[in-house]
Amino acid sequence: MNEKKTMLSGIQPSGDLHLGNYLGPLRHWPEMIESYDCFFFMADMHTITVRQDPAQLRKRTLTQIAQYIACGLDPEKCTIFVQSHVPAHAQLGWVLDCYTMFGELSRMTQFKDKSAKHAENINAGLFTYPVLMAADILIYQPDYVPVGEDQRQHVEICRDIAERFNGIYGDVFRVPEPYIAKVGARIKSLNAPDAKMSKSMPEGCVFLMEKPEDIMRKFKRAVTDSDTERCVRYAPEEKPGVSNLVQIYAAATGKSFEEIEAEFDGQGYGKFKPAVGEAVVETLRPIREKTERLLADKAYLEGVYRAGAEKAGYAAEKTLRKVYKKIGFLPR
Ligand code: TRP
């Protein structure tokens, strides 16, 4: 008997997870897998909507699996797999294409943004991206899909597609709820603290796999504010740069803002910045080392994603068979 609710999330294999990802949602996932039956997959099929280098994509997919395990996703307690290893996603994707309207896809903000950004490659996959995502979700009948703000519209359209389909054929799909995950800290770029930390601005971004000396260099160069008081204080409006560092230090050490302000009272920023750097280095060290160990053991990683695909495939096939039957495909 399994009474746990099901949760599912896809992650594009960009392979360079950073501190913002980790101190934000990722850090809470290990708690989540205790309370929910979780599926995590590397959304490689979504990734090719933008042109990729094949060797890089392969490497990043594997690295990302290793990183998630290193961050505490125990593959014995959740299902980790690669999207393209479970063909039922694409099969259901095609079916759902036929229940999704051209008009509703043209209104998706991510499609508009991405086609503006990749004007030379506005392919059909970019357009039907939300339908494949709906298939990813609906095929596992999850109760919840954890989403950040940028993916909310995709979960909405998934719900619309599911309701439309259920309206015609009866209750085939569970209509999932968006799950507003504990986000933890919202980390900003180290050199432009008005923007989110993002790999597109690498100088202000600390990657999970980065070497300690590079991390320290980035923190020493972090932008602090041009205010005159020069004291360590959490005040995001007046002092966005320092406040971001306070938040990172708090998340890395578990100390409260008050404790941090007291710790650096009267010391200016010169001591504070390297202290934050060191705290981050120590937080990331075990993750980096574990990722490296895992990447050195390809057979283990293969075992993880094969077992994941097996388990996911079983659940996915079951939904696909039901859908094929409902729409009138002749059983083979
Ligand atoms: N579109 C998601 C992103 O870019 C990735 C994704 C693909 C996903 N399929 C999914 C997320 C299914 C949740 C559920 O972040």
Margin query: Normalised radius of gyration for the chain, please: alpha carbon Rg relative to 2.2 N^0.38 Å, two decimal places.
Written below: 1.09
Item checked: Accessible surface of the range 202-292 [probe 1.4 Å, protein heavy atoms]: carbon and sulfur percent -> 50 percent
Notebook entry, point to check: Looking at the range 92-230, what % of the alpha carbon pairs are farther apart than 24 Å?
Noted result: 51 percent
Checklist line | Volume in Å³ per residue [convex hull over Cα atoms, computed for the range 253-301] | finding: 70 Å³
Note to self: Looking at the range 202-292, I'd like the Rg to Rh ratio, where Rg is from alpha-carbon atoms and Rh is Kirkwood's inverse mean 1/r.
What the structure shows: 0.98
Check: So, counting K/R as plus one and D/E as minus one, what does the shell of residues with Cβ under 11 Å around residue 123 add up to?
Finding: +1
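Roughly to the nearest percent, how much of the accessible area of the range 1-142 is carbon and sulfur, given a 1.4 Å probe?
55 percent
Taking a probe of 1.4 Å, how large is the accessible area per residue of the range 202-292, in Å²?
Using a 1.4 Å probe on heavy atoms only, each residue of the range 202-292 averages 48 Å².
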Check: In whole percent, what relative contact order does the range 202-292 give with Cα contacts below 8 Å and a gap of six or more residues?
Finding: 34 percent
Notebook entry, point to check: How high is the relative contact order of the range 190-247, in percent, counting Cα pairs under 8 Å that sit 6 or more residues apart?
Noted result: 35 percent
Checklist line | Across the chain: Cys residues that no other cysteine approaches within a C-beta distance under 4.7 Å | finding: 71, 98, 158, 205, 231
Check: Against the longest principal axis of the chain, how steep is helix 124-138, in degrees 0 to 90 to the nearest 10, with axes from Cα atoms?
Finding: 80 degrees
Next item on the list: Please give, to one decimal in nm, the separation of the simple spin-label points placed at residue 211 and residue 59, each 7 Å out from Cα toward the Cβ.
Entry: 1.6 nm
Check: For the Cα atoms of the chain, what angle does the longest principal axis make with the long axis of helix 240-253, in degrees from 0 to 90, nearest 10?
Finding: 80 degrees
Item checked: Residue-count net charge about residue 303 - beta-carbon cut-off 12 Å; Lys, Arg +1, Asp, Glu -1 -> -2
Notebook entry, point to check: With the radius of gyration and the Kirkwood radius both derived from the Cα set of the range 32-111, what is their ratio Rg to Rh?
Noted result: 1.04
Notebook entry, point to check: Tell me, in nm to one decimal, what length is gained between residue 4 and residue 117 on full extension, where the rule is 0.36 nm per residue of separation less the Cα-Cα distance?
Noted result: 36.6 nm
Notebook entry, point to check: Where Lys and Arg each count +1 and Asp and Glu each count -1, what net charge lies around residue 249 among other residues with Cβ under 13 Å from its Cβ?
Noted result: -2
Next item on the list: Write down the percent of antiparallel bridges among all DSSP beta bridges whose residues are both part of the chain, to the nearest 5.
Entry: 10 percent
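Can you tell me the relative contact order of the chain? Whole percent, Cα pairs under 8 Å, sequence separation 6 or more.
In percent, rounded to a whole number, it is 22.
The values are calculated or read from the model by the stated rules, or taken from the named source; none is laboratory data. Bear in mind that the values here come from a model prediction, so they are computed numbers and not experimental data. A quick note on method: Cβ atoms are made from the backbone with ideal geometry, for glycine too, and the neighbour counts reach across all protein chains shown. All accessible areas refer to the heavy atoms of the entire protein, side chains included, with ligands and DNA or RNA removed. Shrake-Rupley method; radii C 1.70, N 1.55, O 1.52, S 1.80 Å.
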